[in-house]
Structures are given as structure tokens and as C-alpha cells.
Amino acid sequence: MPRRPHDRRRLCRRSDRPRRNPSRRSLRRHDDRTLRGAGRPAIHRATRIPCRLARAGGARGTTLGVSITLSEAESRRVVSEYGVPVSPFVTGTSTAEVLAAVETDASVTFPVVAKLCGRAIAHKTERGLVRLRIADTDALAAACDELLSKAVPEDGEVEVLVSTMVDGNRELIAGLNDDPQFGMTVMVGIGGILAEAIRDVSFRLAPITEVDAAEMLDDLATQRLFGEFRGEPAADRAAIVDALVALARVGVEEPGLRSADLNPLILVDGKPIAVDALLEIEEDSDA
């Protein structure tokens, strides 16, 4: 998928920021090239993360300063530029804008889901800011009116995100975390209602290769969910691997990224589709 750097600068407004000192990731890449030039293998890449980090669920440290969470729409746009598959969506700041966008974009088809989103809105479901299985334009117009009426001053700038409704019996979670000790880590695990019950997750240090991503899937204990399941085909492991590698690139190439959450990644015909995304960036990224 073609990259549009200007979009990311518009989203995060980082273009005028002065260059920083080399990051841990850039230093690791430099060391990697040095070792390879000397004929020695670099062993730091795609390292399994010690269990204490996994048990902590990739919790972020508190020494990195203040951060800002991008809206779901902004987060979706960033990760999709790297090739992470997301459900088709449009946005609008008014009901009329949303309806016009849906009519124009043929990739967004009914039934749809509508959400009120903004940088200050973190818990859409708890606040009743999500409408599912909207069947037609009239119902969508009513949903948009209702969602926009629920915005409060503390929400700041808001918009309605409308996305094609995605259904599937199997869900994954994936994410990134810039850990103060280990650097940027990649996570994948079993999602949905099983996520909190079994905590079946795997971690690696970024960047990762296709082989690394495949090993992450192999590490998961719940392998039966990757086979044929409830009338659905077996999971397309290659497609999941591609999504994980693309997500890891976001962590390596996006300056100031603190964390990313794709929850859930729903398997549709075996292939992963992200139906929610959230990126956290450092405040000095001038977001």
C-alpha cells in the first residue's frame, strides 16, 4: 500500500520538530549493521521478552513523560498506511458529512457500525458511544444525530466514524509498547471474551521478520482456534504474519510512538481485520 507521509505529518504534526538524539532503535540498527559487516550475527532482534514483561501485559513505564492518545480514526489511518488491514471506514463531523461520505465510498457497506471518536474519548462502549448493525441510511442518520448529541465539552473535537460491520467467531489482539527497559515490543494474543481468562500472548522485540511473526503465533497455546472453527476456514497464518510485520514497522518507523493497540483483530474467512485501533504518542511529538 503506498505510503503518504504528509498524512502522518498532518495527524501528528511532527515535521517541524528538531531531530533528537539517536533512539534505542536507531542504535540497535547501527549495531546490527556493524556486526553484520564484521561477519558476526546480530542476536538482539526479535528476542523473546522475559516472562515478567509478559505477566505485566506490556505495561508502560512512567519515566517517558506525558503522552497523547490519537483518535481511533487517526490511529486507523496511520496503521493502514503500513499495510495493517482495517475495516473500511469514513468519518464526518456532522450527520450530513457522514451520509455524504458513506454514499461516496463504495467500500463502506451496510450493515455498519457508528462510533463517536476523538482524542479525549477512550471508553466509547462504556459511555454508550457505539451503535452496531445499522441497516440503512435512515437508521444511520438517526444514530449520528444521537451520538453527536452525547458529546460533552471535555471531549474536545469529535467526529463520527462509520465502518462496515465485521463479524467473526475468532478474535486476536495485537499491539506495540515502547518499554523503558526493552525498547519497542510487539505483542499478539488471543482476543475476544477469552483474552482476560487465558492471557495467551506472545512478545518479541521490534523489528520482526515473517519468521519471527510466525514463531509468535506458534508460541500461543490456543492453537485450535487457528484451525477450522465453527464452519469457518482455518486461519490464514500468512495474512496474520503480514499484519504483525506491518504493525512492527509502525513501531520502528514512527518517531514518538509509545504504544499501539489493535483490539480486536477479527478473523474473516481466516484473514485478520482490525476493527479498532489506538495509538499513543509522546506529547513532545507536537500532536
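Restricting the range 186-211 to residues that are loosely packed, with under 14 Cβ neighbours inside 10 Å and modelled with pLDDT of 95 or more, the residue that is nearest to Glu253 (Cα to Cα) is Glu210. Flag not set for Arg33, criterion: outside the structural domain of Asp219 (by TED's automatic domain parsing), under 21 Å from Ile208 (Cα atoms), surrounded by 16 or more Cβ atoms within 10 Å (Cβ to Cβ) and at pLDDT below 95.
Taken residue by residue, the range 174-197 has at least one member that is hydroxyl-bearing (Ser, Thr, Tyr) and assigned by TED's automatic domain parsing to the domain that holds Asp218. Considering only residues in the range 157-169 that are modelled with pLDDT of 95 or more and of a type outside the set (Val, Ile, Thr), the one that is surrounded by the most Cβ atoms within 10 Å (Cβ to Cβ) turns out to be Leu161.
Set side by side, the residues Leu148, Leu244 differ, and just one is aliphatic (A, V, I, L, M), closer than 30 Å to Leu116 by Cβ and surrounded by fewer than 22 Cβ atoms within 10 Å (Cβ to Cβ), which is Leu148. Within the range 77-105, residues that are on the phi > 0 side of the Ramachandran plot sit with their Cβ atoms under 7 Å from residues that are part of a helix (DSSP H, G or I) and of a type in the set (A, V, I, L, M, F, W, C), at 6+ positions apart or across chains, in these pairs: Gly83/Ala246.
Can you confirm whether Glu228 is surrounded by fewer than 22 Cβ atoms within 10 Å (Cβ to Cβ), in contact with a strand residue (DSSP E or B) (Cβ under 8 Å, 6 or more places away or on another chain) and either of a type in the set (A, V, I, L, M, F, W, C) or in the same structural domain as Leu278 (by TED's automatic domain parsing) (or both)? When the stated conditions are applied, Glu228 does not pass them. When every residue of the range 108-115 is checked against the conditions, none turns out to be within 16 Å of the chain's Cα centre (by Cα), outside any strand (DSSP E or B) and under 28 Å from Asp242 (Cα atoms). Restricting the first member to the range 125-152 and to residues that are of a type in the set (D, E, K, R), and the second to residues that are part of a helix (DSSP H, G or I) and at pLDDT 95 or above, the beta-carbon pairs closer than 8 Å and six or more apart or on different chains are Arg131/Ala143; Arg131/Glu146; Arg131/Leu147; Asp145/Thr95.
The values are calculated or read from the model by the stated rules, or taken from the named source; none is laboratory data. Just so we're clear, the structure is a prediction, and the values are computed from it rather than from any experiment. Counting neighbours? That spans all protein chains shown, and the Cβs are built from the backbone with ideal geometry, glycine included.
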